[in-house]
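Colleague: First the structure, which I've put down as structure tokens, then a few questions once you've had a look.
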């Protein structure tokens with residue numbers, strides 16, 4: 001495999017691992033943060049603000065489910081991955097792969113969603129040549145950038161910052177004050 005492509009894939013795989021870890025931490029911390037700030041408000045005689053969101057109207061039988069339009073970026077990616085995709089589809093098809101269809105499902109998901117790194121990982125697994133390496137690497141760089149943005153977004157969440165405070169009560173108190181100030185500012189807008 002092309003060295004630049006290999007380096008980009010390592011970056012993507014690292015970011016995906018980090019995001020999985022962040023999501024595990026956040027899943028646990030969301031509840032802890034919620035309990036902590038409500039308890040803090042109660043202990044400080046502060047009425048907790050309502051966190052209710054307006055509910056969307058219920059769907060009816062006549063509602064039409066619209067398919068998500070295919071972006072130009074996904075169309076371009078499909079053009080660059082077409083040959084690799086076709087070879088992979090033959091290699092991972094359940095009829096040729098002893099009835100195993102997990103890789104086939106992954107391949108089709110990645111094709112639909114434009115998750116090109118999954119196609120590259122499958123190509124490596126099945127020893128399928130990757131065509132248009134320069135263009136493919138450009139698409140993978142964009143995917144890596146998107147993952148970096150997701151990591152930054154996760155790190156900006158109050159639950160993440162709460163986790164970063166650890167046992168530092170002063171840090172937690174400052175975070176709760178900032179959180180409540182933000183909520184009140186948003187409600188006043």
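Colleague: With each pseudo-label sitting 7 Å past Cα toward Cβ, what's the residue 3-residue 150 distance in nm, one decimal?
Modeller: Label at residue 3, label at residue 150, 2.9 nm between them.
Colleague: Show me the ranking of peptides 30-40, 110-120 by mean Cβ neighbours inside 10 Å, starting with the highest.
Modeller: With the highest mean Cβ count within 10 Å placed first, the list reads 110-120, 30-40.
Colleague: Right, something else. List 167, 23 from most exposed to least, where exposure is judged by having the fewest other Cβ atoms within 10 Å.
Modeller: Values: 167 6, 23 12.
Exposure proxy ranking, most exposed first: 167, 23.
Colleague: Related question: Among 127, 168, which comes first, second and so on when ranked by fewest other beta-carbon atoms within 10 Å? Don't jump to the answer; show the numbers that get you there.
Modeller: Values: 127 7, 168 11.
Sorted ascending by nearby Cβ count, the order is 127, 168.
Colleague: Give me 21, 163 ranked fewest to most by other Cβ atoms within 10 Å of their Cβ, as a rough exposure proxy. Before the final figure, lay out each step's value.
Modeller: Values: 21 12, 163 17.
Arranged by neighbour count, lowest to highest, 21, 163 become 21, 163.
Colleague: Cα axis of helix 169-188 to longest principal axis of the chain: angle in degrees, 0 to 90, nearest 10?
Modeller: Its long axis makes an angle of about 90 degrees.
Colleague: Any chance you could give the angle, 0 to 90 degrees and rounded to 10, that helix 116-125 forms with the longest Cα principal axis of the chain?
Modeller: That works out to roughly 50 degrees.
Colleague: Compute the long axis of helix 72-92 from its Cα atoms, compare it with the longest principal axis of the Cα atoms of the chain, and write down the angle in degrees, 0 to 90, nearest 10.
Modeller: Around 60 degrees separate the two axes.
Colleague: If I compute semi-axes √(5λ) of the Cα gyration tensor in Å from the structure I just sent, which labelled value in [x] 43, 22, 16; [y] 24, 22, 15; [z] 25, 22, 18 lines up?
Modeller: [x]
Where a number appears in this text, it was derived from the coordinates with a stated rule and is not lab data. Here the structure is a predicted model, which means the values were calculated and not measured. Here Cβ is always computed from backbone atoms with ideal geometry, including for glycine, and neighbour counts include all displayed protein chains.
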